[in-house]
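Peer 1: Got a structure for you, written out below as structure tokens; questions coming shortly.
The values are calculated or read from the model by the stated rules, or taken from the named source; none is laboratory data. Please read all numbers here as calculations on a predicted model, not as lab measurements. Here the Cβ positions follow ideal geometry from the backbone for every residue, glycine too, while neighbour counts run over all protein chains shown. Remember, those area values only see protein heavy atoms, side chains included, never the ligands or the DNA or RNA. Shrake-Rupley method; radii C 1.70, N 1.55, O 1.52, S 1.80 Å.
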Amino acid sequence: MIYLDYSATTPISFDVLDSYNKVSKEFIGNPNSLHSLGSKAKDLISNATKQISELLNVLEQEIIYTSGATESNNMALIGVAKAYKRYGNHIIVSKLEHPSIYKICEYLESVGFKISYVDCDQEGLIDFEDLKRKVKPETILVSICAVNSEMGIRQPLKMIRQIIKKENNNIIFHSDMTQGLGKIPLNVHDTDLASFSIHKVYGPKGIGLLYKSSKIKLEPIIYGSSKENDIRPGTPAVALIAAASKAIRLNIHDLDRKETFIRKLNEKIVKELAHFEGVKINQTKYSIPHILNMSLPHIKPETFLHAMEEYEIYLGTNTACSSGEISNSIMAVYKDKERAATSIRISLSYLTTIDEINRFLNCFELIYKRLSALTYE
Amino acid sequence: MEKLIIIKYGELTTKKENINLFINTLNKNIKEKLKEFSVKIEYDKGRMFIRVLDNAFANVIETLKEVFGIHEIIIGYEINTLDLEEIKKNIQFLVKEKKFTTFKIETKRSNKKIKKTSIEISSEIGAFLLKENQNIKVDIHNPEIKIHLELRNKESYIYFETIKGLGGYPVGTLGKGILMLSGGIDSPVAGFLSIKRGVKVEGIYFESPPHTSIEAKKKVEELARILSKYNGETKLHIINFTAIQEAIYKNIPHEYLITIMRRMMYRISSIIASRSNAKILVNGESIGQVASQTLTSMKAINEVVKLPVIRPVACFDKLEIIDFAKKIGTYGTSILPFEDCCTIFVPEHPVINPDSKVCENYETLIPYQELIYKAIKNHEIIKISEQEKNDYEDIL
């Protein structure tokens, strides 16, 4: 099997899985219980949180555990909208966001908020002038992802923050950092809120984080009885939290070396695919090498994906969450509907081998020729 | 030329007869404190030299700032010669990197075989530097940089700034004390101050489960862990006080609850002290702070023990103690809201001027000797060290 869909999700590391199993077996208490089994579980969580806070350079109370990045995004956007609605009803997001952000925006629009979509330039970078124009006195929130999930375009968050805050210092800045964690160095202090997902860093599915600066407040989106964490009540997922802490620890370092290796793989693929007429690489100078997107003219992405699957090669179309639709990001950058409708995504990991890439390229040739011939008939 | 850390002992050097004990203990304490680093330590009666092998100077210095008995920490440079020409060259090399307009040279020679006096050496080097560098001059009263030169047996040392150490005596040189650690703000500060004077402390904590929770005990363990930064590995004696406390509550008039409870704690602490070969009791009592800390109360309570009871914060105001607790890092833990055995069973009107005769009479109402014997027989000892024992290392 050749797995080339690491940006959709990653295989869990066995070290992390061991922790998950161990905690599930040995820490049976509810962390909210007063007895010693409860405090044992609570103590583990507080150690796990402490470790994460040190790794992300934030305060322990600034970390909220969620079920994943989609929930983190919901909690951030809806939480801010509810908490700050008396200051304004305007929210700005980019055109390169994960679909979950757009779905949340649709909901917020239905309850009276106004959403603006900020443009990006030909390289996929946020159009700063457009951003300045869109910031208004009633803007309460801007959400821009750190790394776009389809083309891997990385945004200069610090600069974006400066622009926003200069126009309107009260605006809260959220960033979906899901595709950045474990791939590039992140400074969460560029933001007030940041979403993370653990299954993107070789951890289990079902857990994410929301960084929430202690300087801002959120209204909860779910209600419950826990006193400890009233923003996200419910019994804490002890084993998932421990596993998350370990997954982050194991994957937050050594990013440069991994990136250099992955860049080589990326360059190799780009170079080889240049021989195929019609293949368009959707990658700009701001794309991280871990994500390699391309459009195959006249070929339905799903067909291509299933054809590759016959050779046990797994890749992605758009993002896993929105297969079948046209790609918002590619549309936003290239303004080309055909290109946006025929894109596939290869995502690479430090686990990927040169041999895997060679085999991928061989199969690519085979299938591309086969499917192109069919299309033109 | 080798960069190294030089330690000045300060007050220790005045202890003529015990000087070896003091310096050996300091050496042992520093070794223990620096065990995570690869360092080589040499010492004599005047100085200690620490060679840092993995270039972790900044971290080593931060760690040394937590060791009592160190007066000054110096980053210095060692040259293996007493030859003045060599020394001049090396000083010039070091000085080149620095920006200053005025300087002063202070020479010390513990090696009296050197013919030139310290003053002669200083002025010779000064003249050399004036010749080699432009736009600098000597200012002996208020120089921008002080260049220190020490000439010892075969080596000379050059250094510039000195960093203030914690002072005090090396922990353990004055023997042991039992610190009555309640979980409040005052007792950790009292512990810190006695550690400062060379007393190795062992903590004693009275728990009353189920009236007090495991969290309250954890909190005291955490306080002991913070103190162990200065105290080294710290023993914590945990006394189950439930039976005694319930017996007092059931049988003794309530205005005397606290006085008699404290007398029991003192008795137990004093027995633990003699078993641990500790010479004193230490606690966080502060004159007048609460009913049990009036002078009359202190007298009535103190009477049950023969050991000296040291109360380092007796004359501090509460706010002064709080400032101290913040400085040493115990405050945040101390204010965690868990009940300890002093805050449960609190009478509405405790006696302010208790009478020891009355105490003795009331104490006949409970079989306290037997209860104390049982509590001590079953007491738990935990050893706490600075490195937070992370049981989760394999998990996280």
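Peer 1: State yes or no: is B:Asn80 closer than 24 Å to B:Glu132 by Cβ and loosely packed, with under 13 Cβ neighbours inside 10 Å?
Peer 2: Criteria met by B:Asn80.
Peer 1: Still on this structure: Name every residue in region A:73-106 that is small (Gly, Ala, Ser) and within 21 Å of A:Tyr211 (Cβ to Cβ), in order of residue number.
Peer 2: A:Ala76, A:Gly79, A:Ala81, A:Ala83, A:Ser94, A:Ser100
Peer 1: Let me ask something else. Picking from B:Leu130, B:Leu151, which residue would you name as being over 30 Å from B:Ile258 (Cα atoms) and touching a strand residue (DSSP E or B) at 6+ places or on another chain (Cβ under 6 Å)?
Peer 2: On inspection, the qualifying residue turns out to be B:Leu151.
Peer 1: Name the residue, out of A:Ser67, A:Ser94, A:Ser100, that is out of contact with any helix residue (DSSP H, G or I) (no Cβ under 7 Å at 6 or more places or on another chain), surrounded by 20 or more Cβ atoms within 10 Å (Cβ to Cβ) and either in contact (Cβ under 8 Å) with a residue 60 or more places away in the chain or not assigned by TED's automatic domain parsing to the domain that holds A:His174 (or both).
Peer 2: Just one listed residue meets the conditions, A:Ser94.
Peer 1: Which condition number does B:Thr101 fail, the rest of (1) open to solvent by 60 Å² or more (accessible area, probe 1.4 Å); (2) within 14 Å of chain A (Cβ to nearest Cβ); (3) touching a residue at least 24 places away in the same chain (Cβ under 8 Å) being met?
Peer 2: (2)
Each row is one residue, and each column tells you yes or no for (1) within 14 Å of another protein chain (Cβ to nearest Cβ); (2) outside any loop (DSSP other than H, G, I, E, B); (3) modelled with pLDDT of 95 or more; (4) under 21 Å from A:Leu157 (Cα atoms).
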| residue | (1), (2), (3), (4) |
| --- | --- |
| A:His189 | no, yes, yes, yes |
| A:Ser195 | no, yes, yes, yes |
| A:Leu209 | no, yes, yes, yes |
| A:Glu228 | yes, no, no, no |
| A:Ala244 | yes, yes, yes, no |
| A:Arg263 | no, yes, yes, no |
| A:Val270 | no, yes, yes, no |
| A:Gly278 | no, no, no, no |
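Peer 1: Which numbered condition in (1) in contact with a helix residue (DSSP H, G or I) (Cβ under 9 Å, 6 or more places away or on another chain); (2) away from chain A (no Cβ under 14 Å) is the only one that B:Asp391 fails?
Peer 2: Unmet for B:Asp391, out of (1) in contact with a helix residue (DSSP H, G or I) (Cβ under 9 Å, 6 or more places away or on another chain); (2) away from chain A (no Cβ under 14 Å): (2).
Peer 1: Among the residues of region A:172-187, write down those that are crowded, with 24+ Cβ neighbours inside 10 Å and among the aliphatic types (A, V, I, L, M).
Peer 2: A:Ile172, A:Met177, A:Leu181, listed by residue number.
Peer 1: On to the next question. Could you look through region B:374-388, keep only residues that are among the hydrophobic types (A, V, I, L, M, F, W, C) and assigned to a helix (DSSP H, G or I), and pick out the one that is farthest from the other protein chains (Cβ to nearest Cβ)?
Peer 2: Ranking the qualifying residues of region B:374-388, first place goes to B:Ile376.
Peer 1: Among (1) over 16 Å from the mean Cα position of the chain (by Cα); (2) β-branched (Val, Ile, Thr); (3) open to solvent by less than 70 Å² (accessible area, probe 1.4 Å), where does B:Ile119 come up short?
Peer 2: Answer for B:Ile119: the failing condition is (3).
Peer 1: Determine which member of the set A:Ala76, A:Ala41 is in a helix (DSSP H, G or I), in contact (Cβ under 8 Å) with a residue 24 or more places away in the chain and within 14 Å of chain B (Cβ to nearest Cβ).
Peer 2: Going through A:Ala76, A:Ala41 in turn, just one is in a helix (DSSP H, G or I), in contact (Cβ under 8 Å) with a residue 24 or more places away in the chain and within 14 Å of chain B (Cβ to nearest Cβ): A:Ala41.
Peer 1: Still on this structure: Of all the residues that make up region B:176-201, how many are within 20 Å of B:Ser213 (Cβ to Cβ) and of a type in the set (Phe, Trp, Tyr)?
Peer 2: Matching residues across region B:176-201 total 0.
Peer 1: Report whether or not B:Phe160 is outside the structural domain of B:Val95 (by TED's automatic domain parsing) and open to solvent by 10 Å² or more (accessible area, probe 1.4 Å).
Peer 2: No, not satisfied.
Peer 1: Name, by its number, the condition in (1) without any contact (Cβ under 8 Å) to a residue 60 or more places away in the chain; (2) not in a helix (DSSP H, G or I) that does not hold for A:Asn362.
Peer 2: Result: A:Asn362 passes all but (2).
Peer 1: Hey, another quick one. Given (1) more than 26 Å from the chain's Cα centre (by Cα); (2) of a type outside the set (Ser, Thr, Tyr); (3) open to solvent by 40 Å² or more (accessible area, probe 1.4 Å), where does B:Leu307 come up short, assuming only one miss?
Peer 2: So the condition that B:Leu307 fails would be (1).
Peer 1: Considering only region B:209-259, state which residues are within 14 Å of chain A (Cβ to nearest Cβ), open to solvent by 20 Å² or more (accessible area, probe 1.4 Å) and not basic (Lys, Arg).
Peer 2: If the condition is that a residue be within 14 Å of chain A (Cβ to nearest Cβ), open to solvent by 20 Å² or more (accessible area, probe 1.4 Å) and not basic (Lys, Arg), then B:Pro209, B:Pro210, B:His211, B:Ser213, B:Ile214, B:Glu215, B:Glu221, B:Glu222 are the ones that fit.
Peer 1: Same structure, new question: So, of the residues in region B:338-373 that are open to solvent by 50 Å² or more (accessible area, probe 1.4 Å) and closer than 21 Å to B:Ile214 by Cα, which turns out to be farthest from the other protein chains (Cβ to nearest Cβ)?
Peer 2: B:Val346
Peer 1: When you look at B:Ile310, is it modelled with pLDDT of 95 or more, touching a Leu at 6+ places or on another chain (Cβ under 8 Å), in the same structural domain as B:Ala190 (by TED's automatic domain parsing) and among the β-branched types (Val, Ile, Thr), yes or no?
Peer 2: Considered against the rule, which asks whether it is modelled with pLDDT of 95 or more, touching a Leu at 6+ places or on another chain (Cβ under 8 Å), in the same structural domain as B:Ala190 (by TED's automatic domain parsing) and among the β-branched types (Val, Ile, Thr), B:Ile310 comes out as yes.
Peer 1: Which residue is most open to solvent (accessible area, probe 1.4 Å), if the candidates are limited to region A:333-359 and must be polar (S, T, N, Q) and in a loop (DSSP other than H, G, I, E, B)?
Peer 2: Among those that are polar (S, T, N, Q) and in a loop (DSSP other than H, G, I, E, B), it is A:Thr353.
Peer 1: Can you pull out every residue in region B:262-277 that is small (Gly, Ala, Ser) and open to solvent by 10 Å² or more (accessible area, probe 1.4 Å)?
Peer 2: Of everything in region B:262-277, those that are small (Gly, Ala, Ser) and open to solvent by 10 Å² or more (accessible area, probe 1.4 Å) turn out to be B:Ser270, B:Ser274, B:Ser276.
Peer 1: Return yes or no: is A:Tyr84 within 29 Å of A:Glu150 (Cα to Cα), in contact (Cβ under 8 Å) with a residue 12 or more places away in the chain and either within 13 Å of another protein chain (Cβ to nearest Cβ) or not aliphatic (A, V, I, L, M) (or both)?
Peer 2: Answer is no for this residue.
Peer 1: Only one of (1) open to solvent by less than 10 Å² (accessible area, probe 1.4 Å); (2) within 14 Å of chain B (Cβ to nearest Cβ); (3) within 23 Å of A:Ser225 (Cα to Cα) fails for A:Ser19. Which number is that?
Peer 2: (3)
Peer 1: Among the residues in region A:110-117, are any in contact (Cβ under 8 Å) with a residue 40 or more places away in the chain, part of a loop (DSSP other than H, G, I, E, B) and surrounded by fewer than 22 Cβ atoms within 10 Å (Cβ to Cβ)?
Peer 2: no
Peer 1: Just checking, which of A:Ser7, A:Ser53 is away from every other protein chain (no Cβ under 11 Å) and part of a loop (DSSP other than H, G, I, E, B)?
Peer 2: Testing whether each residue is away from every other protein chain (no Cβ under 11 Å) and part of a loop (DSSP other than H, G, I, E, B) leaves just A:Ser7.
Peer 1: From the list B:Val67, B:Val95, which one is more than 15 Å from B:Tyr159 (Cβ to Cβ), in the same structural domain as B:Ile50 (by TED's automatic domain parsing) and not aromatic (Phe, Trp, Tyr)?
Peer 2: Testing whether each residue is more than 15 Å from B:Tyr159 (Cβ to Cβ), in the same structural domain as B:Ile50 (by TED's automatic domain parsing) and not aromatic (Phe, Trp, Tyr) leaves just B:Val67.
Peer 1: Show me the strands (runs of 3 or more DSSP E) found entirely inside region B:135-234 where at least 2 residues are within 24 Å of B:Gln387 (Cα to Cα) and charged (D, E, K, R).
Peer 2: In region B:135-234, B:200-207 are the strands (runs of 3 or more DSSP E) which contain 2 or more residues that are within 24 Å of B:Gln387 (Cα to Cα) and charged (D, E, K, R).
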